[in-house]
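Structure, as C-alpha coordinates:
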(Lines give C-alpha, C1' and ligand atoms only; values in the text may rest on other atoms or scores of the structure.)
Protein backbone atom coordinates (compact mmCIF):
# COMPACT_ATOMS: atom_id res chain seq x y z
CA UNK A 1 0.00 0.00 0.00
CA UNK A 2 0.97 3.59 -0.56
CA UNK A 3 2.34 5.39 2.46
CA UNK A 4 1.05 8.79 3.58
CA UNK A 5 3.11 11.97 3.97
CA UNK A 6 4.48 12.48 7.45
CA UNK A 7 4.45 8.82 8.43
CA UNK A 8 6.57 5.90 7.35
CA UNK A 9 4.72 3.37 9.50
CA UNK A 10 1.03 4.17 8.97
CA UNK A 11 -0.97 3.12 5.93
CA UNK A 12 -3.87 5.05 4.40
CA UNK A 13 -6.30 2.53 5.91
CA UNK A 14 -5.12 2.91 9.51
CA UNK A 15 -4.35 6.66 9.42
CA UNK A 16 -7.80 7.80 10.61
CA UNK A 17 -10.76 6.31 12.39
CA UNK A 18 -13.09 8.22 10.06
CA UNK A 19 -13.84 5.83 7.25
CA UNK A 20 -15.64 6.52 4.01
CA UNK A 21 -18.72 4.82 5.43
CA UNK A 22 -18.80 6.78 8.70
CA UNK A 23 -18.22 10.04 6.87
CA UNK A 24 -21.06 9.28 4.44
CA UNK A 25 -23.41 8.39 7.32
CA UNK A 26 -22.43 11.53 9.26
CA UNK A 27 -23.09 13.73 6.24
CA UNK A 28 -26.51 12.15 5.80
CA UNK A 29 -27.71 12.28 9.43
CA UNK A 30 -25.91 15.09 11.30
CA UNK A 31 -27.31 18.57 11.95
CA UNK A 32 -25.37 21.69 10.90
CA UNK A 33 -22.70 22.44 13.48
CA UNK A 34 -22.19 18.81 14.53
CA UNK A 35 -18.64 17.38 14.50
CA UNK A 36 -17.16 13.94 13.92
CA UNK A 37 -13.70 13.69 15.54
CA UNK A 38 -10.99 11.26 14.56
CA UNK A 39 -9.85 8.98 17.38
CA UNK A 40 -6.33 8.64 16.01
CA UNK A 41 -5.28 12.15 14.99
CA UNK A 42 -5.86 14.72 17.75
CA UNK A 43 -7.93 17.67 16.53
CA UNK A 44 -8.80 16.19 13.14
CA UNK A 45 -12.56 16.25 12.55
CA UNK A 46 -15.41 16.63 10.09
CA UNK A 47 -17.77 19.58 10.58
CA UNK A 48 -21.35 19.41 9.33
CA UNK A 49 -22.41 22.58 7.51
CA UNK A 50 -25.63 23.66 5.86
CA UNK A 51 -24.22 22.45 2.59
CA UNK A 52 -21.90 19.49 2.91
CA UNK A 53 -19.14 18.81 5.42
CA UNK A 54 -15.78 20.53 5.90
CA UNK A 55 -12.56 18.92 7.09
CA UNK A 56 -11.05 20.79 10.06
CA UNK A 57 -8.04 20.59 12.34
CA UNK A 58 -8.12 21.96 15.90
CA UNK A 59 -4.82 22.67 17.62
CA UNK A 60 -3.07 24.82 20.21
CA UNK A 61 -0.58 27.34 18.85
CA UNK A 62 2.71 28.45 20.40
CA UNK A 63 0.93 31.17 22.36
CA UNK A 64 -1.34 28.58 24.01
CA UNK A 65 -4.44 29.64 22.08
CA UNK A 66 -6.89 27.17 20.59
CA UNK A 67 -7.21 27.53 16.81
CA UNK A 68 -9.17 25.72 14.13
CA UNK A 69 -7.95 25.51 10.54
CA UNK A 70 -9.87 24.41 7.47
CA UNK A 71 -7.89 21.66 5.77
CA UNK A 72 -9.23 22.25 2.26
CA UNK A 73 -11.62 24.59 0.50
CA UNK A 74 -13.06 21.51 -1.16
CA UNK A 75 -15.57 19.70 1.01
CA UNK A 76 -16.50 16.08 1.64
CA UNK A 77 -17.09 14.01 -0.44
CA UNK A 78 -14.81 15.82 -2.92
CA UNK A 79 -11.99 15.29 -0.40
CA UNK A 80 -11.93 11.76 0.96
CA UNK A 81 -11.17 10.95 4.64
CA UNK A 82 -7.74 9.50 3.89
CA UNK A 83 -6.70 12.63 1.91
CA UNK A 84 -7.74 15.04 4.65
CA UNK A 85 -6.23 12.81 7.34
CA UNK A 86 -2.84 12.79 5.60
CA UNK A 87 -2.68 16.59 5.75
CA UNK A 88 -3.90 16.76 9.36
CA UNK A 89 -1.44 14.09 10.47
CA UNK A 90 1.48 15.94 8.87
CA UNK A 91 0.47 19.17 10.66
CA UNK A 92 0.17 17.26 13.95
CA UNK A 93 3.46 15.41 13.56
CA UNK A 94 5.45 18.55 12.63
CA UNK A 95 3.71 20.86 15.10
CA UNK A 96 2.63 23.14 12.27
CA UNK A 97 0.58 26.27 12.89
CA UNK A 98 -1.40 26.18 9.60
CA UNK A 99 -3.26 29.45 10.17
CA UNK A 100 -0.04 31.35 10.83
CA UNK A 101 1.58 29.77 7.79
CA UNK A 102 -1.47 30.63 5.72
CA UNK A 103 -1.31 34.23 6.88
CA UNK A 104 2.41 34.34 6.16
CA UNK A 105 1.84 32.99 2.65
CA UNK A 106 -0.93 35.53 2.13
CA UNK A 107 1.31 38.35 3.32
CA UNK A 108 4.13 37.06 1.14
CA UNK A 109 1.81 36.96 -1.85
CA UNK A 110 0.54 40.44 -1.07
CA UNK A 111 4.10 41.72 -0.67
CA UNK A 112 5.05 40.13 -3.97
CA UNK A 113 2.04 41.74 -5.62
CA UNK A 114 2.90 45.15 -4.18
CA UNK A 115 6.52 44.73 -5.24
CA UNK A 116 5.38 43.82 -8.73
CA UNK A 117 3.13 46.89 -8.80
CA UNK A 118 6.05 49.06 -7.69
CA UNK A 119 8.11 47.62 -10.53
CA UNK A 120 5.56 48.65 -13.17
CA UNK A 121 7.39 51.40 -15.01
CA UNK A 122 4.61 53.99 -15.06
CA UNK A 123 3.90 53.43 -11.35
CA UNK A 124 7.53 54.04 -10.44
CA UNK A 125 7.87 56.95 -12.87
CA UNK A 126 4.84 58.78 -11.49
CA UNK A 127 5.53 57.80 -7.89
CA UNK A 128 8.91 57.37 -6.24
CA UNK A 129 10.98 58.53 -9.24
CA UNK A 130 8.95 61.70 -9.56
CA UNK A 131 9.14 62.44 -5.81
CA UNK A 132 12.76 61.49 -5.22
CA UNK A 133 14.35 62.64 -8.46
CA UNK A 134 12.32 64.73 -10.89
CA UNK A 135 10.80 67.06 -8.30
CA UNK A 136 14.22 68.66 -7.78
CA UNK A 137 14.53 69.41 -11.50
CA UNK A 138 13.41 72.59 -13.18
CA UNK A 139 9.70 72.19 -14.08
CA UNK A 140 10.41 72.36 -17.82
CA UNK A 141 12.91 69.50 -17.55
CA UNK A 142 10.51 67.34 -15.58
CA UNK A 143 7.78 68.02 -18.13
CA UNK A 144 10.12 67.18 -21.01
CA UNK A 145 11.19 63.92 -19.36
CA UNK A 146 7.60 62.84 -18.71
CA UNK A 147 6.69 63.67 -22.30
CA UNK A 148 9.64 61.58 -23.51
CA UNK A 149 8.33 58.56 -21.60
CA UNK A 150 4.75 59.14 -22.76
CA UNK A 151 5.75 59.32 -26.42
CA UNK A 152 8.99 57.54 -27.20
CA UNK A 153 8.94 55.04 -24.31
CA UNK A 154 5.19 54.44 -24.10
CA UNK A 155 5.58 50.73 -24.97
CA UNK A 156 7.42 50.16 -21.70
CA UNK A 157 5.09 52.07 -19.36
CA UNK A 158 2.85 49.08 -18.45
CA UNK A 159 5.80 46.69 -18.22
CA UNK A 160 7.44 45.22 -15.13
CA UNK A 161 10.88 46.86 -15.16
CA UNK A 162 12.52 43.66 -13.99
CA UNK A 163 11.24 41.91 -17.10
CA UNK A 164 12.75 44.31 -19.63
CA UNK A 165 15.28 42.64 -21.90
CA UNK A 166 17.98 43.79 -24.27
CA UNK A 167 15.94 42.30 -27.10
CA UNK A 168 13.10 44.64 -26.08
CA UNK A 169 15.43 47.60 -26.51
CA UNK A 170 16.72 46.39 -29.87
CA UNK A 171 13.16 46.02 -31.18
CA UNK A 172 12.16 49.40 -29.72
CA UNK A 173 15.11 51.09 -31.40
CA UNK A 174 14.17 49.45 -34.69
CA UNK A 175 10.59 50.74 -34.48
CA UNK A 176 11.73 54.30 -33.80
CA UNK A 177 14.22 54.17 -36.66
CA UNK A 178 11.48 52.96 -39.00
CA UNK A 179 9.45 56.01 -37.98
CA UNK A 180 12.38 58.15 -39.08
CA UNK A 181 13.28 59.37 -35.60
CA UNK A 182 16.73 60.92 -35.29
CA UNK A 183 19.33 58.80 -33.51
CA UNK A 184 20.00 61.70 -31.14
CA UNK A 185 16.35 61.60 -29.99
CA UNK A 186 16.54 57.84 -29.50
CA UNK A 187 19.72 58.28 -27.44
CA UNK A 188 18.03 60.84 -25.18
CA UNK A 189 15.09 58.52 -24.62
CA UNK A 190 17.44 55.60 -23.91
CA UNK A 191 19.41 57.73 -21.44
CA UNK A 192 16.17 58.66 -19.67
CA UNK A 193 15.15 55.00 -19.35
CA UNK A 194 18.60 53.94 -18.20
CA UNK A 195 18.67 56.67 -15.54
CA UNK A 196 15.27 55.58 -14.25
CA UNK A 197 16.31 51.92 -14.01
CA UNK A 198 19.53 52.82 -12.20
CA UNK A 199 17.56 54.90 -9.70
CA UNK A 200 15.13 52.02 -9.21
CA UNK A 201 18.10 49.94 -8.06
CA UNK A 202 19.11 52.70 -5.63
CA UNK A 203 15.52 52.85 -4.32
CA UNK A 204 15.56 49.03 -3.92
CA UNK A 205 12.64 48.64 -6.31
CA UNK A 206 14.89 46.51 -8.52
CA UNK A 207 17.68 44.19 -7.41
CA UNK A 208 19.66 45.05 -10.55
CA UNK A 209 19.28 47.01 -13.76
CA UNK A 210 18.12 44.36 -16.28
CA UNK A 211 19.62 46.41 -19.13
CA UNK A 212 23.01 47.00 -17.49
CA UNK A 213 25.78 47.14 -20.08
CA UNK A 214 23.47 47.33 -23.07
CA UNK A 215 24.35 49.74 -25.88
CA UNK A 216 22.21 51.06 -28.68
CA UNK A 217 23.05 50.03 -32.21
CA UNK A 218 24.92 52.67 -34.24
CA UNK A 219 22.63 54.97 -36.25
CA UNK A 220 21.80 54.18 -39.89
CA UNK A 221 24.41 55.27 -42.42
CA UNK A 222 22.33 58.25 -43.55
CA UNK A 223 22.23 59.61 -40.00
CA UNK A 224 25.93 58.92 -39.50
CA UNK A 225 26.56 61.21 -42.45
CA UNK A 226 24.33 63.86 -40.88
CA UNK A 227 26.25 63.62 -37.60
CA UNK A 228 29.50 64.22 -39.47
CA UNK A 229 28.05 67.10 -41.47
CA UNK A 230 26.30 68.56 -38.35
CA UNK A 231 23.47 70.59 -39.92
CA UNK A 232 23.14 72.57 -36.67
CA UNK A 233 26.61 73.98 -37.17
CA UNK A 234 25.21 76.75 -39.36
CA UNK A 235 23.39 78.15 -36.32
CA UNK A 236 26.54 78.20 -34.19
CA UNK A 237 28.08 81.28 -35.70
CA UNK A 238 28.83 84.93 -35.25
CA UNK A 239 25.96 87.28 -35.97
CA UNK A 240 26.64 89.53 -38.92
CA UNK A 241 27.15 93.26 -38.23
CA UNK A 242 23.82 93.85 -39.98
CA UNK A 243 22.06 91.41 -37.64
CA UNK A 244 23.60 92.98 -34.53
CA UNK A 245 22.62 96.48 -35.72
CA UNK A 246 19.13 95.20 -36.46
CA UNK A 247 18.75 93.76 -32.96
CA UNK A 248 19.95 96.97 -31.29
CA UNK A 249 17.75 99.13 -33.52
CA UNK A 250 14.84 96.80 -32.86
CA UNK A 251 15.31 97.22 -29.09
CA UNK A 252 15.37 101.03 -29.46
CA UNK A 253 12.22 100.98 -31.58
CA UNK A 254 10.57 98.57 -29.14
CA UNK A 255 11.27 101.05 -26.34
CA UNK A 256 9.79 103.91 -28.41
CA UNK A 257 6.72 101.82 -29.25
CA UNK A 258 6.05 100.84 -25.62
CA UNK A 259 6.52 104.43 -24.44
CA UNK A 260 4.09 105.72 -27.08
CA UNK A 261 1.53 103.09 -26.04
CA UNK A 262 1.89 104.23 -22.42
CA UNK A 263 1.47 107.92 -23.38
CA UNK A 264 -1.70 107.02 -25.21
CA UNK A 265 -3.03 105.08 -22.21
CA UNK A 266 -2.27 107.97 -19.83
CA UNK A 267 -4.04 110.42 -22.15
CA UNK A 268 -7.08 108.19 -22.47
CA UNK A 269 -8.32 107.60 -18.97
CA UNK A 270 -5.40 105.90 -17.21
CA UNK A 271 -3.27 108.76 -15.84
CA UNK A 272 -2.33 106.65 -12.80
CA UNK A 273 -0.06 104.43 -14.91
CA UNK A 274 3.68 105.11 -14.43
CA UNK A 275 5.26 107.50 -16.92
CA UNK A 276 7.70 105.37 -18.92
CA UNK A 277 9.39 108.46 -20.35
CA UNK A 278 10.98 108.91 -16.93
CA UNK A 279 12.81 105.56 -16.80
CA UNK A 280 15.72 104.18 -18.87
CA UNK A 281 13.95 100.92 -19.76
CA UNK A 282 10.21 100.75 -20.49
CA UNK A 283 10.33 96.93 -20.43
CA UNK A 284 12.42 94.30 -18.66
CA UNK A 285 13.15 92.64 -22.00
CA UNK A 286 15.58 95.35 -23.13
CA UNK A 287 18.19 94.85 -20.36
CA UNK A 288 17.46 91.11 -20.47
CA UNK A 289 18.30 90.95 -24.18
CA UNK A 290 21.35 93.21 -23.90
CA UNK A 291 22.74 91.10 -21.04
CA UNK A 292 22.22 87.93 -23.09
CA UNK A 293 24.14 89.49 -25.97
CA UNK A 294 26.95 90.61 -23.65
CA UNK A 295 27.41 87.37 -21.70
CA UNK A 296 26.18 84.49 -23.86
CA UNK A 297 24.20 83.16 -20.91
CA UNK A 298 21.26 80.85 -21.46
CA UNK A 299 17.79 82.39 -21.02
CA UNK A 300 17.18 80.11 -18.03
CA UNK A 301 20.20 81.57 -16.23
CA UNK A 302 19.00 85.12 -16.87
CA UNK A 303 15.47 84.35 -15.66
CA UNK A 304 16.87 83.01 -12.37
CA UNK A 305 19.56 85.69 -11.96
CA UNK A 306 19.26 87.44 -8.58
CA UNK A 307 20.76 90.65 -7.29
CA UNK A 308 22.71 88.53 -4.83
CA UNK A 309 24.58 87.17 -7.88
CA UNK A 310 25.50 90.64 -9.13
CA UNK A 311 28.44 92.73 -7.96
CA UNK A 312 26.42 95.75 -6.90
CA UNK A 313 29.51 97.91 -7.13
CA UNK A 314 29.25 97.22 -10.85
CA UNK A 315 32.94 96.68 -11.19
CA UNK A 316 33.09 92.89 -11.11
CA UNK A 317 31.13 89.99 -12.53
CA UNK A 318 27.98 87.90 -12.40
CA UNK A 319 28.34 84.78 -10.29
CA UNK A 320 25.73 82.01 -9.99
CA UNK A 321 25.15 78.30 -10.48
CA UNK A 322 24.20 77.37 -14.05
CA UNK A 323 20.57 76.25 -14.01
CA UNK A 324 21.06 73.50 -16.58
CA UNK A 325 23.91 71.98 -14.57
CA UNK A 326 21.88 72.24 -11.36
CA UNK A 327 19.43 69.59 -12.61
CA UNK A 328 22.18 67.36 -13.98
CA UNK A 329 24.14 67.66 -10.73
CA UNK A 330 21.05 66.78 -8.69
CA UNK A 331 20.47 63.67 -10.80
CA UNK A 332 24.08 62.51 -10.61
CA UNK A 333 24.92 63.63 -7.09
CA UNK A 334 27.67 65.96 -8.28
CA UNK A 335 28.49 69.64 -7.85
CA UNK A 336 26.76 72.06 -10.19
CA UNK A 337 28.75 74.28 -12.57
CA UNK A 338 29.51 77.78 -11.33
CA UNK A 339 28.95 80.60 -13.79
CA UNK A 340 31.34 83.48 -13.21
CA UNK A 341 31.34 86.01 -16.04
CA UNK A 342 33.12 89.38 -15.99
CA UNK A 343 30.93 92.16 -17.33
CA UNK A 344 31.97 94.57 -20.09
CA UNK A 345 31.65 98.26 -19.21
CA UNK A 346 28.47 98.74 -21.24
CA UNK A 347 26.77 95.86 -19.41
CA UNK A 348 27.86 97.26 -16.02
CA UNK A 349 26.38 100.66 -16.84
CA UNK A 350 23.17 99.08 -18.10
CA UNK A 351 22.73 96.90 -14.99
CA UNK A 352 23.39 99.87 -12.75
CA UNK A 353 20.62 101.82 -14.49
CA UNK A 354 18.24 98.85 -14.26
CA UNK A 355 19.09 98.39 -10.58
CA UNK A 356 18.30 102.04 -9.87
CA UNK A 357 15.07 101.80 -11.86
CA UNK A 358 14.03 98.77 -9.77
CA UNK A 359 14.55 100.70 -6.53
CA UNK A 360 18.07 99.46 -5.74
CA UNK A 361 17.06 96.10 -4.23
CA UNK A 362 19.73 94.14 -2.36
CA UNK A 363 18.03 90.81 -3.04
CA UNK A 364 15.47 89.31 -5.36
CA UNK A 365 15.20 88.52 -9.04
CA UNK A 366 16.94 90.84 -11.48
CA UNK A 367 14.14 90.34 -14.01
CA UNK A 368 10.95 89.68 -12.03
CA UNK A 369 7.49 89.58 -13.54
CA UNK A 370 6.15 93.19 -13.73
CA UNK A 371 2.75 91.90 -12.60
CA UNK A 372 3.48 89.34 -9.88
CA UNK A 373 7.08 89.98 -8.91
CA UNK A 374 7.77 86.26 -9.21
CA UNK A 375 9.97 84.50 -11.75
CA UNK A 376 8.95 84.92 -15.37
CA UNK A 377 8.13 81.85 -17.41
CA UNK A 378 10.89 80.52 -19.64
CA UNK A 379 8.98 81.61 -22.73
CA UNK A 380 8.30 85.19 -21.63
CA UNK A 381 10.95 86.52 -24.02
CA UNK A 382 9.39 84.98 -27.13
CA UNK A 383 6.85 87.73 -27.86
CA UNK A 384 9.14 90.77 -27.34
CA UNK A 385 11.95 88.99 -29.22
CA UNK A 386 9.66 88.48 -32.20
CA UNK A 387 8.63 92.15 -32.12
CA UNK A 388 12.27 93.25 -31.84
CA UNK A 389 13.12 91.30 -35.00
CA UNK A 390 10.16 92.82 -36.83
CA UNK A 391 11.11 96.36 -35.87
CA UNK A 392 14.81 95.85 -36.58
CA UNK A 393 14.21 93.98 -39.85
CA UNK A 394 16.12 90.97 -38.53
CA UNK A 395 15.42 87.58 -40.18
CA UNK A 396 12.47 86.06 -38.33
CA UNK A 397 14.16 82.65 -38.32
CA UNK A 398 16.87 83.97 -35.98
CA UNK A 399 16.33 82.43 -32.55
CA UNK A 400 17.04 84.14 -29.25
CA UNK A 401 19.60 81.41 -28.54
CA UNK A 402 21.61 82.89 -31.42
CA UNK A 403 22.81 85.52 -28.93
CA UNK A 404 24.54 82.75 -26.97
CA UNK A 405 26.00 81.27 -30.15
CA UNK A 406 27.27 84.72 -31.10
CA UNK A 407 29.02 85.32 -27.77
CA UNK A 408 30.69 81.90 -27.77
CA UNK A 409 31.62 82.16 -31.44
CA UNK A 410 33.14 85.61 -30.95
CA UNK A 411 35.34 84.41 -28.11
CA UNK A 412 36.45 81.26 -29.95
CA UNK A 413 37.16 83.17 -33.16
CA UNK A 414 39.22 85.68 -31.17
CA UNK A 415 41.47 82.87 -29.93
CA UNK A 416 40.25 82.79 -26.32
CA UNK A 417 41.17 79.36 -24.87
CA UNK A 418 38.22 77.01 -25.19
CA UNK A 419 38.32 76.02 -21.52
CA UNK A 420 38.03 79.69 -20.56
CA UNK A 421 35.10 80.13 -22.94
CA UNK A 422 33.45 77.00 -21.55
CA UNK A 423 33.63 78.22 -17.97
CA UNK A 424 32.34 81.68 -18.88
CA UNK A 425 29.18 80.24 -20.42
CA UNK A 426 28.45 77.42 -17.96
CA UNK A 427 30.36 74.30 -19.06
CA UNK A 428 32.71 72.42 -16.72
CA UNK A 429 35.08 71.51 -19.52
CA UNK A 430 35.75 72.42 -23.13
CA UNK A 431 34.26 69.27 -24.68
CA UNK A 432 31.05 70.86 -25.94
CA UNK A 433 32.77 74.05 -27.06
CA UNK A 434 35.37 72.10 -28.98
CA UNK A 435 32.76 69.84 -30.52
CA UNK A 436 30.41 72.57 -31.71
CA UNK A 437 32.53 75.68 -32.22
CA UNK A 438 36.00 74.49 -33.24
CA UNK A 439 35.05 75.13 -36.89
CA UNK A 440 35.29 78.84 -36.12
CA UNK A 441 39.06 78.64 -35.70
CA UNK A 442 40.26 76.48 -38.62
CA UNK A 443 43.44 78.56 -38.82
CA UNK A 444 44.47 77.08 -35.48
CA UNK A 445 44.34 73.60 -36.97
CA UNK A 446 46.35 74.80 -39.95
CA UNK A 447 48.88 76.43 -37.69
CA UNK A 448 49.19 73.22 -35.68
CA UNK A 449 49.93 71.25 -38.85
CA UNK A 450 52.48 73.87 -39.86
CA UNK A 451 54.24 73.39 -36.52
CA UNK A 452 54.49 69.64 -37.16
CA UNK A 453 55.74 70.26 -40.70
CA UNK A 454 58.37 72.65 -39.38
CA UNK A 455 59.79 69.95 -37.10
CA UNK A 456 60.04 67.56 -40.04
CA UNK A 457 61.68 70.20 -42.23
CA UNK A 458 64.14 71.00 -39.47
CA UNK A 459 65.07 67.34 -39.11
CA UNK A 460 65.53 66.99 -42.85
CA UNK A 461 67.75 70.06 -42.91
CA UNK A 462 69.88 68.63 -40.11
CA UNK A 463 70.23 65.34 -41.99
CA UNK A 464 71.35 67.09 -45.20
CA UNK A 465 73.96 69.11 -43.31
CA UNK A 466 75.35 65.94 -41.73
CA UNK A 467 75.71 64.28 -45.13
CA UNK A 468 77.42 67.35 -46.53
CA UNK A 469 79.92 67.36 -43.68
CA UNK A 470 80.57 63.64 -44.27
CA UNK A 471 81.53 64.23 -47.90
CA UNK A 472 83.96 66.94 -46.84
*Could you list all residues from the stretch 268-313 that are surrounded by 16 or more Cβ atoms within 10 Å (Cβ to Cβ) and on the phi > 0 side of the Ramachandran plot?*
296
_Residue under evaluation residue 77, criteria (1) touching a helix residue (DSSP H, G or I) at 6+ places or on another chain (Cβ under 8 Å); (2) outside the structural domain of residue 195 (by TED's automatic domain parsing); (3) surrounded by 14 or more Cβ atoms within 10 Å (Cβ to Cβ), criterion not met_ = (3)
_Lone qualifier among 403, 391 - being closer than 22 Å to residue 319 by Cα, assigned to a helix (DSSP H, G or I), at pLDDT 90 or above and touching a helix residue (DSSP H, G or I) at 6+ places or on another chain (Cβ under 6 Å)_ = 403
*When you look at residue 242, is it at pLDDT below 95 and part of a helix (DSSP H, G or I), yes or no?*
yes
*Go through the stretch 253-304 residue by residue and tally those that are assigned to a loop (DSSP other than H, G, I, E, B) and touching a residue at least 40 places away in the same chain (Cβ under 8 Å).*
9
*Give the number of residues within the stretch 419-435 that are under 17 Å from residue 322 (Cβ atoms) and part of a helix (DSSP H, G or I).*
10
*Quickly run through the stretch 353-367 and pick out the residues that are crowded, with 16+ Cβ neighbours inside 10 Å and in contact (Cβ under 8 Å) with a residue 24 or more places away in the chain.*
354, 355, 365, 366, 367
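The values are calculated or read from the model by the stated rules, or taken from the named source; none is laboratory data. Since the structure is predicted, the reported quantities are computational estimates derived from the model, not experimental observations. Glycine gets a Cβ as well: all are built from the backbone with ideal geometry, and neighbour counts include every protein chain shown.
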